[in-house]
Each structure stands twice: as structure tokens, then as C-alpha cells.
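Please read the structure below before turning to the comments.
What follows draws every value from the coordinates through simple rules; no lab data is involved. As the structure is a prediction and not an experimental result, all values here were calculated from the model. With ideal geometry, Cβ positions are generated from the backbone for all residues, glycine too; neighbour counts draw on all protein chains shown.
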Amino acid sequence: MKKIITLSTMFFVSILFGQGIKFEKTTFNETLKKAKEENKLVFLDAYTTWCGPCRIMDENIFPLENIGNFYNSNFINLKIDAEKGEGIDIVKKYNISGYPTLLFINGNGEEIYRSHGGDNEEDFIKLGENALNPSNNLKLLKQKYDDGDRSSELLLKLGSSIYNTDIKLAEQIAKMYFEKHLGKKLLDDELHFLYKISYHSKSLVLIPILKDKKEEIDAEFGKGYTDNQIYEIKLKNAKDSSYNTESSSYDYTKLKSIYLGFMDEKDANLNIGRINLEETLNKKDYKTYEKLALEIYKDYSEVDPMELNQVSWMFYTYVSDKNSLNKAIEWANASLKKNENPSNTYIIANLYNKIGDKRNAKIWIIKSIDLIKVSGQEFPAAQKLLDSLN
């Protein structure tokens, strides 16, 4: 089983600077034309300027020499800003809704394979190998499904390929697949499919399946994982049910009513606050984001360390007010107390550096580097910060 990919782990992938991936400096159509002439697929990285994992992948994965050798040999590579120029139309054409999105497209513009990335060199090369494998060709898999193929092999492969592009079809496929396997012990690839689909799903239809497989899922991912996934599905279902597509806004009265069906009022208000926070970040309204975050995380005693890491990093990236940055340092410290790791030590070092506290910045970046070395990895960005402090 692959490890669950998180923002935290992506901060600290192994890196050795080399030639890296060479991206085309041309248009999408010209790239497709070149791919067709050379009989290759286009590897398309769709990113946004505000996407943290996009920047991390850009700094820590794309420059790797082995990655460059593999991708430059097998693909025509292109990067597009999803919010500018032709990127806006590409997002619509390929139904891109999350970032980073990595597409593999043939010279005719047909999508062959898709992913959101890998958290290390091995995973990222495996991603490219999967895209090159004809048995993973999304177009052919969909054609077989449309022609009536409902074999377990086809359902598993297609469902695993489309969960982040066509979640409704993926949910239908998952329901068909796992209803065939109720009461049966799942193999690793089946568990991995169930993990991926439940992570992205907004449908309550998967909850009975998750309950049926709870023992196996918890054995693989940890005690309480299944209950947490069920809770997250209910959260997403409530959010989706209360969103008005015509006004592009949430019915917060309806949303709170749904929330109160499976949580108390304090948690309902907190989750509504998180949605507001997400909306302001998407709109790049960083001043409002700052104000809302300070209110939402006034009491952060029960907030998950990962969530504290993320909001702390957003403050480092977008906030300049010193008092607010000091509050972000409090959040990072709370995360450290729960679990000191390379991610939160790196974040707090950057925060201290931003407010001009070089002494504490140096203390924490040294700790971060030490923790990275223990894991057997390298992270030049951490060393670069330390060098700047000497």
C-alpha cells in the first residue's frame, strides 16, 4: 500500500538538483502538435499560484535528475496556470477541480491518465509508468464500460482512474464493485481503491460499505480511520447539498441544520467558519482570510495539528502583520507540542524568520534539518534557510 499523501509529507520529499523536467515554452495546441509528431503523450501540470502542494512539487519533484530523465524521454511536458490565459479553457475542457492536477493527454487532445501527483521520486516515476501502460488507458476503459463490461477487473481499474474526475460515476462503480464483495476480505488494491473513493466521495451511499469493511480499513490505516472517513463524507455531503450553483453561494441556514444532525453547535459553527475561510482563500482575499482565521482559531486546543500547520503556513505566505504572525507561531507551537516533525519545525522556523527573530528561526530550522536527516531524506529549502541565517 502507498502511504497517504498529505501536505505535510510533501514538504519533505527527497531532492537532488539536476536537469529536471524540461517544460515547453509554447501553447497547448503547439504542444499537442509536437506530441503527435513524436508519438508521445503530453504531461500537463495544471497549477495555481496559491496552491501550496503545487509549489512544493515544483521545487522538490520536478528538478530531480531521474525524474527529468524519465519524463523528458517519454513525454512532451507543459505547465499551465489554471487561472490565466488558455489555462482557464483547459480547466473547463478537462474538468479540473483540484490542484495540482497532472494530466497525460495524447496528440488528439484525449485524456489518457490523470493524477494529483506523488510524494517522492519513486511514486512520481511510477505515475509516469502507469500513464504509459496501455491497460490504464482511460479512453479504452470507459469504452469497455459503456459497452457493458462489468467485470471486477474493469470496475476496479476504471473506478481507480476516475475518482478525482467523475466522482459520481466512480461512486456508482464502487457501489457495484463492493456489493459483490460484502463479507469478503479485501486485497491491497481493493483497500486502496476504497480509501481513494471514500476520501473524495460526497455520497452517503458508500457509508454501508465502509461500515462493512471497517475492521480491515482500520487495520490498514489505524483505529478510528473508518469512523473519521464516514464523518468526512457526511461533512462533504452537507456542504454539497447546501451549495446553490445559481448564486454560487452556500445556504448557511440549511448547512447548519444538516450539521446539527451529526455534530454539536460548537463544531457546526467551526465547520461553517472553515468553509468561509476556504472561500476567502480561493478569492485571494487575504485580508479577510487573516481576520477570519484569527477568529476561528482563537481557541485551537482541539484543532488537529495538520490543520494548524496549514493555517500557519498560509499566514507565513500571505500575512504581513506581526501580531498575526505571532498568533501563527502560537498555532505552530501547539502543533509541535502534539507531534514535533519536519513539517511544523520548518514552518515555525520560517515564521520566526519573517518576524525578524533570527535566533529562534535558526534553532527551529536546525531541528527541522535534524529530523529530516533521521528520516534519510534531504530538503535543500531547509538548508537554504539555515544558510541565510548564518
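Quick notes on this one:
- In this Cβ point-charge picture (+1 for Lys and Arg, -1 for Asp and Glu), the chain has a dipole of about 360 debye about its Cα centre.
- Taking packing as the residue-averaged number of other Cβ atoms within 10 angstrom, the listed peptides 198-205, 261-268 run from highest to lowest as 198-205, 261-268.
- Cross-link pairs Lys327/Lys358; Lys256/Lys337; Lys338/Lys367 - those with Cα-Cα distance over 21 Å: Lys256/Lys337
- Karplus-derived HN-Hα couplings along the stretch 29-42 (A = 6.51, B = -1.76, C = 1.60, θ = phi - 60°), whole Hz, x at Gly and Pro: 5, 5, 5, 4, 4, 5, 4, 5, 5, 9, 6, 10, 8, 8
- Annotation: amide H-H contacts under 5 Å for Asn77 (H modelled 1.01 Å from N, sequence separation of 5 or more, or interchain): Glu24, Phe43.
- Over the chain - Rg/Rh using Cα atoms and the Kirkwood inverse-distance radius: 0.96
- Per-residue ³J(HN,Hα) for the stretch 122-134, Karplus 6.51 cos²θ - 1.76 cosθ + 1.60, θ = phi - 60°, Hz, x for Gly and Pro: 4, 5, 6, 5, 4, 4, x, 5, 4, 5, 7, 6, x
- Placed amide H near Ile112: partners under 5 Å, 5+ positions off or other chain: Phe104, Ile105, Asn106
- Once backbone amide H atoms are built at 1.01 Å from N, Glu340 has no partners under 5 Å, excluding neighbours fewer than 5 places away on the same chain.
- Distance from the stretch 211-238 to the stretch 256-298 (C-alpha centre basis), Å: 23
- Peptides ranked, highest mean first, by Cβ atoms within 10 Å: ranges 287-294, 147-154: 287-294, 147-154
- Within the same chain, aspartates and glutamates fewer than 8 places from Lys384 are excluded, and of the rest, those with a Cα less than 19 Å from its Cα are Asp58, Glu59, Asp357, Asp370.
- About the centre of its Cα atoms, the stretch 224-296 shows a dipole size close to 140 debye [charges on the beta carbon of Lys, Arg (+1) and Asp, Glu (-1) only; nearest 20 debye].
- When +1 charges are put on Lys and Arg Cβ atoms and -1 charges on Asp and Glu Cβ atoms, the dipole computed for the stretch 303-389 relative to its Cα centre reaches about 260 debye.
- Segment Ile363-Ser135, length gained on full extension (0.36 nm per residue, minus Cα span): 77.0 nm
- Helical runs assigned H by DSSP (4 residues or longer) give the chain a calculated mean residue ellipticity at 222 nm of -18500 deg cm²/dmol, each run adding -39500 (n - 2.57) before division by the residue total.
- Summed residue charge, Cβ within 11 Å of Glu129's Cβ, Lys/Arg positive, Asp/Glu negative: -1
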